[in-house]
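Down below is the structure, laid out as structure tokens.
The values are calculated or read from the model by the stated rules, or taken from the named source; none is laboratory data. Model, not experiment: these values are computed from the prediction. Cβ placement follows ideal geometry from the backbone for every residue including glycine, while neighbour counts extend to all protein chains displayed. For accessibility, only protein heavy atoms count, side chains too; no ligands or nucleic acids. Shrake-Rupley method; radii C 1.70, N 1.55, O 1.52, S 1.80 Å.
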Amino acid sequence: MTQYTSKNDERELALQKEYMRRAASCVEELAQELGRRPLCCVTTFGCQMNARDSEKLSGILTQIGYETTEQEEEADFVIYNTCTVRDNANQRVYGRLGFLNSLKRKKPHMKIALCGCMMQENTVIEKIRKSYRFVDLIFGTHNLFKFAQLLVTMFENHEMIVDIWDETDQIVEELPVNRKYPYKSGINIMFGCNNFCSYCIVPYVRGRERSRDPKEILQEIEHLVADGVVEVMLLGQNVNSYGKNLDEPITFAQLLQEVEQIEGLKRIRFMTSHPKDLSDELIDVMKHSDKICRHLHLPVQAGSDRILQAMNRNYTKAQYLALVDKIRTAMPDIAITTDLIVGFPGETLEDVEETIDVVRRVKYDNAFTFIYSKRTGTPAAAMENQVPEEIVKTGFDRLLKVVQDTARERAALLQGQTLEALIEEVNEQDASLMTGRLSNNMLVHFPAGNTKIGQLVRVSLDTCHGFYYTGHVVE
Ligand code: SAH
Ligand code: SF4
Ligand code: F3S
């Protein structure tokens, strides 16, 4: 397998900075024409990794003179950062493109760009070239760092620009980023995935696994903390294999220990952990840490050994359960969440019972339950025994009920405890309340008093409402 370097590409960075200057003059010209600052809107579909990419796009757009808006209707430039993990994500994009076309008809200077995972699929590009010809710019997941350059090309041309790379070993650090939240931030520690779970398209659209240099990660976090961030979420498709391919290998647990040293940083989260690679070292580091949150997202996907094997997950139900036992023994108060798939080719209702059994035994604090979606190009898509819709639906409903019952049961256990919460926002329904997140990821709403967003407070959990709490601040 190719060894990837992860050094910052300084030459590319300088080049992109030059393109940012050129893009800025294009935007200035547009501002003159419009008599105001042009507005851009970046819409994210998909996971935290895509959300982080959107912050990078938005950072460049702000740098070159755009103002940001969340209303697509008023934007002069709309960027869809797409996801293709399940087909419904793709369908949402196609649906909304029709709406964007109607906006563009009324506003001919409007620009539309598409990027992200869905754009790494040839069939998608063909379809857009044919049926969505009003799109101005398309790029993928590997060349996001050259966004400024692509913008210059877009402004200087009038036909659709398509630039998709199959792979890259380039990592370009230190481009501008617009953070969505002032007090917390996601941080990529690695890109891509090498696991090739048989149902999953991510390795094909995100490329091979590449870890970032730990020094770059630590420096980025230090800068964030200096800028007011108290909580970081370390992001990777499989953080437990972080660092293995670096010139000087380091484990994920070692990286966490380094992050923990950063003064002023209060909380550390990470996702996602693949069960096959979760080490004893990591459990030990978590157990002794004051900053690593008491939450582990540990996708199991299925409970039947036959299905797990066909999914290429590399663990058995018994191994997974033993791992959960080990984690809970070390940290009894930890919240464990998971992802579940129903309807993988060949899955019977008896197999789903095995998944339900895992949920009953583990008692997840939360679980995302998905219906299997056939992704062209993955091994599972070529399997002959695709499951009929009615069987999938029956299994899904049975599983969902158990997931909800156990999550409620887990939530109720916190009743009456006083725990630390990071205040995230003013409550959406009732502005006299604040919403905070506990270390274990549970939300709690409480009267605001003198508290402010980004502050850590101790909150008494007074009333459980199923999946969240209401409470009050304890001074
Ligand atoms: N890297 C992470 C998951 C990334 S995708 C991990 O391995 O845990 C997030 C979730 O989407 C997966 O955990 C899986 O449950 C779900 N998923 C992926 N491909 C899917 C498909 N083809 N159909 C349905 N769900 C899928
Ligand atoms: Fe997909 Fe598996 Fe990689 Fe997760 S580990 S992104 S499910 S291939
Ligand atoms: Fe979707 Fe890409 Fe994330 S396919 S789940 S946005 S890595």
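Which pairs in the list 56/215; 146/276; 130/184; 317/393; 180/401; 130/374 are over 29 Å apart, alpha-carbon to alpha-carbon? 146/276; 130/184; 180/401, as the Cα separations exceed 29 Å there. To put it simply, the accessible area of the chain at a 1.4 Å probe is 48 percent carbon and sulfur. Counting only aspartates and glutamates at least 8 places from residue 107 when in the same chain, those with an alpha carbon closer than 18 Å to its own are 29, 33, 67, 70, 72, 73, 74, 76, 136, 159. Full extension of the chain segment joining residue 11 with residue 158 gains 50.0 nm, where the gain is 0.36 nm per residue of separation less the Cα-Cα distance. Placing unit charges on the Cβ atoms only, positive for Lys and Arg and negative for Asp and Glu, gives the chain a dipole magnitude near 720 debye about its Cα centre. Look at the dipole of the chain built from charges on Cβ: of 439, 235, 368, the Cα furthest out on the positive end belongs to 368.
Measuring with a 1.4 Å probe in the full set of protein chains, what accessible area per residue, in whole Å², belongs to the chain? Before the final figure, lay out the partial values.
Numbers: 21450 Å² over 475 residues.
So the chain comes to 45 Å² accessible per residue, rounded to a whole number.
Legend: calculated FRET efficiency, residue 374 to residue 417, from the Cβ-Cβ distance at R0 = 41 Å, rounded to 0.05, equals 0.40.
Scale the Cα Rg of the chain by the rule-of-thumb value 2.2 N^0.38 Å and send over the ratio, two decimals.
Values: Rg = 23.1 Å, N = 475, 2.2 N^0.38 = 22.9 Å.
That works out to 1.01 for the chain.
Summed over qualifying helices (DSSP H, 4 residues or more, each -39500 (n - 2.57)) and divided by its residue number, the chain shows a 222 nm mean residue ellipticity of -11500 deg cm²/dmol. Among the cysteines of the chain, those with no neighbouring cysteine Cβ under 4.7 Å are 26, 40, 41, 47, 83, 115, 117, 193, 293, 464. Taking only Cα atoms, what is the 0 to 90° angle, nearest 10, from helix 48-63's long axis to the longest principal axis of the chain? Taking the Cα atoms of the chain, the angle to 48-63 is about 30 degrees. Multiplying the residue separation of residue 130 and residue 431 by 0.36 nm and removing their Cα-Cα distance gives an extension gain of 103.6 nm.
Spin-label model, residue 167 to residue 32: label points 7 Å out along the Cα-to-beta-carbon direction sit 4.6 nm apart.
Under the convention that each Lys and Arg Cβ holds +1 and each Asp and Glu Cβ holds -1, the size of the dipole of the stretch 38-177 around its Cα centre is about 680 debye. Against the chain, whose longest principal axis comes from its Cα atoms, helix 389-412 is set at around 70 degrees. Distance between the pseudo-spin-label points of residue 276 and residue 70 (7 Å out from Cα toward the beta carbon): 3.9 nm. Within the full protein context, the accessible area of residue 462 is estimated at about 60 Å² for a probe radius of 1.4 Å.
Between the helical axis of 147-156 and the longest alpha-carbon principal axis of the chain there is an angle of about 30 degrees.
With each label modelled as a point 7 angstrom along the Cα→C-beta vector, the residue 400-residue 262 pair spans 3.8 nm.
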